[in-house]
Amino acid sequence: MKALTVGGAMIDTIAIIESSRIERMAMSNADSSFLLMEEGRKTEALEISTHIGGGAVNAAVSMSRLGFDVSTLIKLGQDNRAETILTTLEHEGVSTRWALRDNRAPTGASVLISSHDRNAAVFTFRGVNTMLETSDLHDNAFAVDVIYITSLSGRSAERFPDIVRRAKAQGALVATNPGVRQLSARAGPFQDALRMVDIVALNRSEASTLVPSLIAQFGEGGPKLPLAEGEERPDIDKRPLSGGGFDMSVVQFFRALTSLGPKRVLLTDGKRGAYVATPEEIVFCPSVDCTVAGTAGAGDAFTSTYTAFEALGFPPVEALKAATINAASVVGFVDTQAGLLKREELEKRIEALGPQFTTRSWPLHFESPDDEREVGEMAAE
């Protein structure tokens, strides 16, 4: 099966700092936390290493290891960073036929500072990743079975509707994992193109970014999940998704997104598990216990694996399990690709961890007499 990934390519430099050498400050009334370093002082690192990364590159390596015939549509500068990326992709069996060189800017790069719980602070230079042009989109590149569009930045985000149209013209399964900047700055064109997208994946922060743009059409509030007697309410349903001063329940959010076109809406909530909404139901899969070395690349691993398994004909709940395990494997390493599993190993782990997966499901559409009251209760919690 053939696949194309579209999006960013980066060189990642990762510095691991011992927790005692860097302070961590968490906000009491928000989800934010900060890593603090002393100004003007050299801070000893446990390790500094360099790797290739970027959404399209991570997804391409992931799908290649799962047995797909993968190529990647990325933009690279005329520099040594580009050569490193190309060499590694070829080693991973990823076709670089559509890897484009551009001398207007260098290849993208990131510096990750990892400490404490290993949720790294990231300094990003996007470089030529922002410069995807319409002329870079060749129809032959889209003659594949699966097209996976990762986060697009700068002017490259303007190409999203055109990329989706070309993909659907070829009859491909289309999946996307957009970033916060793309969702906030270009929410309108993004939502318009969703009617042609099969799978859209978001984390809680990204989902919250979309909330203000959904309110006019779908309204605030919404019901909580309909629980059976004695069933514990999941974390994602205890408080609404909030953005721009507006609140929307997770049920209302899933209803809104699926009504815009996607057949699958993925929502990840870190160690609290992941969800997939179809037009009929919401399915939950818990996370698996793992040692976390770095969280970078987990989203790329999760979404690319889910997309691959759906393309192979697996039902949503089985694709969700596979995605959860591959993402858990990735966070066991500081870089974004060392933990990506080959299909044979992934299937072994699915079988071995089977009893741990207590999945749950709820109908997406059900009777709810007082949506606004229920969301008010959610916010109060």
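The values are calculated or read from the model by the stated rules, or taken from the named source; none is laboratory data. A quick note: this is a predicted structure, and the numbers were derived from the prediction, not measured. Positions of Cβ are generated from backbone atoms using ideal geometry, with glycine treated the same way; all protein chains shown enter the neighbour counts. The area values use the complete protein model at the heavy-atom level, side chains included, leaving out ligands, DNA and RNA. Shrake-Rupley method; radii C 1.70, N 1.55, O 1.52, S 1.80 Å.
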Equivalent ellipsoid semi-axes - Cα gyration tensor, region 42-106, angstrom: 23, 18, 9
For the chain, size of Cβ-based charge dipole, Lys and Arg +1, Asp and Glu -1, in debye: 940
Aspartates and glutamates whose Cα lies under 12 Å from that of residue 238, excluding same-chain neighbours fewer than 8 positions away: 374, 377, 381
Antiparallel DSSP beta bridges within the chain, as percent of all bridges there, nearest 5: 50
Helical segments meeting 18 Å axial Cα length and Kyte-Doolittle -1.0 threshold in the chain (DSSP H): 204-218, 298-311, 316-330
Among 186, 233, 166, residue whose mean-square fluctuation peaks in a GNM of the chain (springs only between Cα atoms under 10 Å): 233
Accessible area of the chain belonging to carbon and sulfur atoms, whole % at 1.4 Å probe: 47
Heavy-atom accessible area per residue - the chain, 1.4 Å, Å²: 44
Amide H within-cut-off set for residue 98, under 5 Å, with H built and near neighbours excluded: 72
Listed residue pairs exceeding 24 Å between alpha carbons, taken from 168/321; 224/263; 224/271; 2/263; 168/263: 168/321
